[in-house]
Amino acid sequence: QFHMIKHEDLTWKESLGQGSFTHIFRGSKTDQRDGVTHTTEVLLKVLDANHKNCWESFFEAASLMSQISHKHLLLVYGISVHKSKNIMVQEFVKHGALDLYLKKSMSVSVSWKLDVAKQLACALNFLEEKNIAHGNICAKNLLLAREGDPSSDNSPFIKLSDPGTSMALLGKDVVLDRIPWVAPEVLDTLEIELECDKWSFGTTLWEIFNNGEAPLQGQDLIQKQQFYEHFSNLPALEWTELADLIAQCMQYQPELRPSCRSIIRQLNSLITSDYEILHATGTLPK
Ligand SMILES: Nc1cnc(-c2cc(N)nc3[nH]ccc23)cn1
């Protein structure tokens with residue numbers, strides 16, 4: 001269920017950092033199509049050699065992304081296995097992770113943020129319709145393909161990255177460190193269901209409207225675990241309708257969380273709300 005890419009068709013460029021058990025590099029791949037050589041910019045995600053036992057989960061995450069295609073899901077070109085290296089070859093998304101982008105550019109508008117939130121909700125709705133749970137929704141896994149700028153009024157465009165190594169194979173501490181993105185019920189079951197993505201969507205909304213600031217920033221694993229044990233909630237945003245949507249998504253009882261359709265409907269009403277118009281135009285509608 002994978003396109004296998006020959007190692008000699010890959011060119012390695014600079015390191016771009018690391019994820020859970022992975023290192024990522026900028027690179028390019030060449031392929032021959034009807035006798036013409038095409039060179040494509042790619043992101044190379046390498047599984048740590050000392051986590052080889054995760055390779056099937058590593059590729060399972062990639063295969064999830066390559067079995068379905070959607071404009072807001074990251075494109076995975078294939079995999080390359082060379083000596084002891086397991087490599088996932090992904091499309092290169094120009095502006096990188098949304099959390100870093102939001103921290104850098106404090107000037108994005110409310111409508112920009114709502115647009116990004118709606119794109120993520122559409123990607124989740126698509127996955128929900130296929131009964132596929134992602135399991136790692138967060139601003140770090142939202143990649144910005146187009147910045148969109150207020151002047152020429154063109155809008156941002158995001159792509160949801162692959163979920164990475166599955167929760168079941170991550171150490172307990174890695175899972176605890178994902179509080180408050182990981183849904184509370186996952187800590188017991190390590191099973192990812194559709195409702196888990198709704199919880200993480202709420203946390204990601206909170207990140208987007210807090211300019212990429214990580215919730216529970218700097219809290220240690222004990223404090224993070226207690227956050228769930230005390231059924232705590234994230235500090236509410238001042239925009240109450242948005243804070244309500246986040247609270248609906250981040251309900252401790254999974255069955256009470258809203259469907260994607262409801263999330264999209266509520267985002268649409270926020271987009272046309274007075275608060276948005278006030279922020280966009282500086283005046284309230286008559
Ligand atoms: N599939 C992906 C994933 N990450 C990027 C990316 C882009 C960028 N400008 N800086 C980065 N720094 C780290 C990663 C990254 C690109 N494509």
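Observations on the model:
- Failed criterion for Val89 (all others in (1) more than 25 Å from Asn125 (Cα to Cα); (2) more than 13 Å from the ligand (Cβ to nearest atom); (3) β-branched (Val, Ile, Thr) hold): (2)
- Positions within segment 1-60 being over 21 Å from His95 (Cβ atoms) and among the charged types (D, E, K, R), in sequence order: Lys6, Glu8, Asp9, Asp31, Arg33, Asp34, Asp48, Lys52, Glu56, Glu60
- Residue that is modelled with the highest pLDDT, among those in segment 1-22 that are of a type in the set (Val, Ile, Thr) and over 14 Å from Val81 (Cα atoms): Thr11
- Selection from segment 65-78 of residues that are part of a strand (DSSP E or B) and either surrounded by fewer than 21 Cβ atoms within 10 Å (Cβ to Cβ) or away from the ligand (no atom under 15 Å from the Cβ) (or both): Leu73, Tyr77, Gly78
Conditions tested, residue by residue: (1) surrounded by 13 or more Cβ atoms within 10 Å (Cβ to Cβ); (2) within 13 Å of the ligand (Cβ to nearest atom).
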{"position": "Met4", "(1), (2)": "no, no"}
{"position": "Glu8", "(1), (2)": "no, no"}
{"position": "Thr11", "(1), (2)": "yes, no"}
{"position": "Gly19", "(1), (2)": "yes, yes"}
{"position": "Val36", "(1), (2)": "no, no"}
{"position": "Phe59", "(1), (2)": "yes, no"}
{"position": "Ser63", "(1), (2)": "yes, no"}
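- Residue-level analysis places Ser232 among those that are outside any helix (DSSP H, G or I), polar (S, T, N, Q) and modelled with pLDDT of 95 or more.
- Members of segment 99-132 that are of a type in the set (A, V, I, L, M, F, W, C), more than 21 Å from Ala243 (Cα to Cα) and not in a helix (DSSP H, G or I): Ile132
- For segment 133-183, filtered to residues that are assigned to a loop (DSSP other than H, G, I, E, B) and within 14 Å of the ligand (Cβ to nearest atom), the residue that is farthest from Phe231 (Cα to Cα) is Glu147.
- Checked against (1) modelled with pLDDT under 95; (2) surrounded by 18 or more Cβ atoms within 10 Å (Cβ to Cβ), Leu190 passes all but a single condition, namely (2).
- Subset of segment 93-118 that is hydrophobic (A, V, I, L, M, F, W, C) and either more than 19 Å from Ile137 (Cα to Cα) or away from the ligand (no atom under 13 Å from the Cβ) (or both) - its residue that is modelled with the lowest pLDDT: Met106
The values are calculated or read from the model by the stated rules, or taken from the named source; none is laboratory data. Note that the structure is a prediction, hence the values are computed from the model and not measured. No Cβ is skipped: glycine too gets one built from the backbone with ideal geometry, and neighbour counts run over all protein chains shown.
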